[in-house]
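A.B. asks: This is the structure, below, for whatever I ask next.
The values are calculated or read from the model by the stated rules, or taken from the named source; none is laboratory data. Because the structure is a prediction, the values reported are computed rather than measured. All Cβ positions, even for glycine, are placed from backbone atoms using ideal geometry, and neighbour counts span all protein chains on display. Accessible surface is based on the protein model in full, side chains and every heavy atom, while ligands, DNA and RNA are left aside. Shrake-Rupley method; radii C 1.70, N 1.55, O 1.52, S 1.80 Å.
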Amino acid sequence: MDNSQTQQGVSYTDNLIGTLLAIFGGVIVSISLSVQKHSHVKLAGTKEQRSFYETKTWWAGFVFICIGEGANFVSYAFAPIAVIAPLNAVSVLTSSILGFLFLREKSKAKDFAKNHGLTFLGYVLIIGGTYLFVSFGPNSHEKLQARNIVKHIVGWPVLLYLLLEIIAFCLLLYFYKQRSANYLVVVLLLAALLGSVTVITVKAVSGMLLLTLEGSMQLDYPIFSVMFVCMVASVVFQARFLSQACNLHDSSLAACVNYIFSTVFAVVAGAVFYLEFQNEDVLHICMFLLGSALCFLGVFLVTKYRKKAKLFEPYVTMDVAKGVPTIHDNGLVVQPDYNGSFSYGALVNNDGVAPATLPVNLEHPAVTVRGTDSPPGRTNLKMD
């Protein structure tokens, strides 16, 4: 009985360490991405001919990313995959909160609640769901020695799972490459299938590294090299599919669907490969599923109502002689060059003429929609 209680206490401590490391890593990664984005925006607003990697701000963000990803990597050595994988919602939550802080929108309380009420509801659901799946998640603790990992791999549940995953991946890859099925679900399913391999190998590699640091050498076993190579390969190809999904589809929708798919496949992989739910009762499993579902809904609300950039911003050219504005719509075109300035709403003359102003007696100017570029001699008015 004493040994059982001691083992349970060790498992609880390890789970707590892994959970805190994962939360810390998610927060740090979100902050680092915001810092790097700030570096890009600040550099774009200046006339300096410098690359982003020549700025101290971007490198500071890169260092924070390394720290955050390192914390996420180590967290898998302490806590089960089923607890760590859903904690990616913390990164979504932190990114959204940082977005609110840096937007600095000025609006009335009623309008703010109307525009962002569901987003804050998503915050509440993420926090509540995180508490539930962390509290009722699996509390298994297994020393991931090399021989234990080999024993898991040769088991028939794992072999069957890997066979089904390989078949599904090959079918999806065939439709994606040969049939040009560039649907968001197809691309993110490919990324999620690779992600399940990633979490399995990351947990194995981090666990063996931890045991090696504790004095039990595990790096000389062949299974460590196999897991390490599979980890690197799955991470690289997973990143490529995620990049393609963001390029082909809306990034907010891709982030939401990817979180749901990757979490589901990661939890299933942990349950099959490491038997994380083997000793859990029905109540704990149901509460864990409820917490995960709340996080899914919360992430959906946060990403769905995120402020999106306009695909097309119309611009107006002013005829110098007649003073008649013309709205140009060339489809999804890029707005004219802002000449290094973000001051929209001013008249800028491309020919070097002084800025023009609207005539006083022009109360209702005639507005015509044009599908071609404006003729020479017109001045661009840029509107936000």
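A.B. asks: Rank these by accessible area, largest first, 1.4 Å probe: T57, T212.
C.D. replies: Details: T57 50, T212 30 Å².
I get T57, T212, largest accessible area first.
A.B. asks: Still on this structure, please answer the following. Sorting L87, L20, L162 by accessible area (1.4 Å probe), largest first, what list results? Please list the in-between numbers first.
C.D. replies: Working: L87 5, L20 100, L162 60 Å².
Solvent-accessible surface, decreasing: L20, L162, L87.
A.B. asks: Give me the 1.4 Å probe accessible area per residue for the range 209-254, excluding ligands and nucleic acids, in Å². Mind dumping the intermediate values first?
C.D. replies: Working: 2810 Å² over 46 residues.
Result: 61 Å² of accessible area for each residue.
A.B. asks: Points 7 angstrom from Cα along the Cβ direction at L118 and V282: gap in nanometres?
C.D. replies: About 3.6 nm, to one decimal.
A.B. asks: Taking the range 111-196, which trypsin sites (Lys or Arg not before Pro) meet the DSSP loop condition and have no more than 14 other C-beta atoms within 10 Å? Let's see the in-between values first.
C.D. replies: On the way: sites: K114, K143, R147, K151, K177, R179; in loops: K143, R179.
Those that pass, being in a loop and sparsely packed, are K143, R179.
A.B. asks: With a 1.4 Å probe and all protein chains in place, put I149, I285 in order of accessible area, largest first.
C.D. replies: On the way: I149 0, I285 55 Å².
So, going from the largest accessible area down, we get I285, I149.
A.B. asks: For H284, tell me the accessible area in Å² from a 1.4 Å probe, rounded to the nearest 10.
C.D. replies: Rounded to the nearest 10, the figure is 60 Å².
A.B. asks: Sorted by packing (mean other beta-carbon atoms within 10 Å per residue), highest first, where do 188-195, 28-35 land? Write down the numbers at each step before the final one.
C.D. replies: Values: 188-195: 23.8, 28-35: 20.2.
Most protected by this proxy first, the peptides run 188-195, 28-35.
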